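Visitor: Input: one structure, supplied below.
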Amino acid sequence: MSAVSNTTPNYLRWISVVSVIIPVAVAVLIFMPARLNAGEWVKFLPHLNAVINSATAALLLLGLYFIKNKKVDHHRAVMLGAFALGAIFLVSYIIYHASVPSVKYGDTNADGMLSEAEMAATGNGRTVYLITLLSHIGLSIVVVPFVLMALYFALTGQIEKHKKAVKFGYPIWLYVSVTGVIVYFMIRPFYT
């Protein structure tokens, strides 16, 4: 039995644990009543996160291009870059949501509440926003184990297993990255 085979179950356990801890930690931070006092600079983070999501989507597409053209070293480099951006995004996202109450789509007076007039003014835009946001959030939770498994299998040379993880994980990750940018542009007018 190879060293990789002996360590796979341990890594898969860690991937499972991390895949549960991340969404639970994010949910706790978003819904906790008290906020961290990180200062005004955190209000810049949603804009940074949109840039990170855009760059991640570009790297994912570039990674696909490189692997389709058998440029494995280039593929590896851009995919590691996408993974690093994902980690930076997660830290930024957690800092922001632990520090600032969530912005509500349509809250034009920034009081944290949606009046009937504000709801009426949003029209179908709010429905489109919520559907996009909910699919983005749900799939961002689903994609974490696929990304971690794909990374692990690639780094340990288990290319067939890597391909299987990527078959499901790649389109989800790309969707999450693109919808992250879309959600940002939809909610952007309501940031104060």
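The values are calculated or read from the model by the stated rules, or taken from the named source; none is laboratory data. None of these values were measured; they are calculated from a predicted model. Cβ sites come from the backbone with ideal geometry, for glycine too, and all protein chains shown count toward neighbours. Quick note on the areas: whole protein, heavy atoms, side chains included, nothing else; ligands and nucleic acids left out. Shrake-Rupley method; radii C 1.70, N 1.55, O 1.52, S 1.80 Å.
Visitor: Out of Pro23, Ile67, Gly39, whose Cα points farthest toward the positive end of the dipole of the chain (charges: +1 Lys, Arg; -1 Asp, Glu; placed on Cβ)?
Guide: Ile67
Visitor: Now, a different point. As I understand it, the dipole of the chain uses +1 on the Cβ of Lys and Arg and -1 on the Cβ of Asp and Glu, about the Cα centre. Which of Ala150, Leu90, Gly123 lies farthest toward its positive end?
Guide: Ala150
Visitor: While we're here: Taking a probe of 1.4 angstrom, what is the accessible area of Val176 in Å², to the nearest 10?
Guide: Its accessible surface works out to 10 Å², give or take rounding.
Visitor: Enter the angle in degrees (range 0 to 90, nearest 10) between the Cα long axis of helix 124-155 and the first principal axis of the Cα atoms of the chain, meaning the one along which they spread out most.
Guide: Once rounded, one gets 20 degrees.
Visitor: Which lysines have a Cα lying under 16 Å from the Cα of Lys104, excluding residues fewer than 8 positions away in the same chain?
Guide: Lys43
Visitor: For Asp111, Asp73, what's the largest-to-smallest order of accessible area, 1.4 Å probe?
Guide: Per-residue accessible area, sorted high to low, gives Asp73, Asp111.
Visitor: Full extension from Met119 to Lys71: what is 0.36 nm times the residue separation minus their Cα-Cα distance, to one decimal in nm?
Guide: Stretched fully, the Met119-Lys71 segment lengthens by 12.2 nm.
Visitor: What dipole magnitude, in Debye to the nearest 20, does segment 97-192 give about its Cα centre under +1 on Lys/Arg Cβ and -1 on Asp/Glu Cβ?
Guide: 560
Visitor: Can you tell me the accessible area per residue over the chain, all protein chains present, probe 1.4 angstrom, in square angstrom?
Guide: The answer is 59 Å² per residue.
Visitor: Quick one: order Met113, Met79 from most to least accessible surface, probe 1.4 Å.
Guide: Met113, Met79
Visitor: Let me ask something additional. With the alpha-carbon atoms as the only input, what is the per residue convex hull volume for segment 133-177 in Å³?
Guide: Cα-based convex hull of segment 133-177, divided per residue, equals 48 Å³.
Visitor: Can I ask one more? Can you tell me the Rg and the Dmax, both Å, for the Cα atoms in segment 52-192?
Guide: Reported Rg and Dmax, both Å: 17.9, 57.
Visitor: Oh, and also: With only alpha-carbon pairs counted, each pair once and no self-pairs, how large is the Kirkwood hydrodynamic radius of segment 1-121 in angstroms?
Guide: 17.7
Visitor: Would you rank Ile21, Ile94 by solvent-accessible area, highest first, keeping every protein chain in place and using a 1.4 Å probe?
Guide: Sorted by accessible area, descending: Ile21, Ile94.
Visitor: Out of the trypsin sites (Lys or Arg not before Pro) in segment 86-192, which ones are loop residues according to DSSP with at most 13 other C-beta atoms within 10 Å?
Guide: Counting only loop positions with at most 13 other Cβ atoms within 10 Å, none of the trypsin sites (Lys or Arg not before Pro) in segment 86-192 qualifies.
Visitor: Hey, any idea what % of segment 80-183's accessible area is carbon plus sulfur with a 1.4 Å probe?
Guide: 74
Visitor: Now for a separate question. Taking loop as defined by DSSP and a crowding limit of 12 other beta carbons within 10 Å, which trypsin sites (Lys or Arg not before Pro) in segment 1-90 fit?
Guide: Lys70
Visitor: How large is the dipole of segment 37-135 about the Cα centre if only Lys and Arg carry +1 and Asp and Glu carry -1, each at its Cβ, rounded to the nearest 20 debye?
Guide: 700
Visitor: Helix 159-187 against the longest principal axis of the chain: what's the angle in degrees, Cα atoms only, rounded to the nearest 10?
Guide: Relative to the chain, helix 159-187 is tipped by roughly 20 degrees.
Visitor: Given Cβ point charges of +1 (Lys, Arg) and -1 (Asp, Glu) and nothing else, what value in debye, to the nearest 20, does the dipole of the chain about its Cα centre take?
Guide: Taking the Cα centre of the chain as origin, the dipole is about 820 debye.
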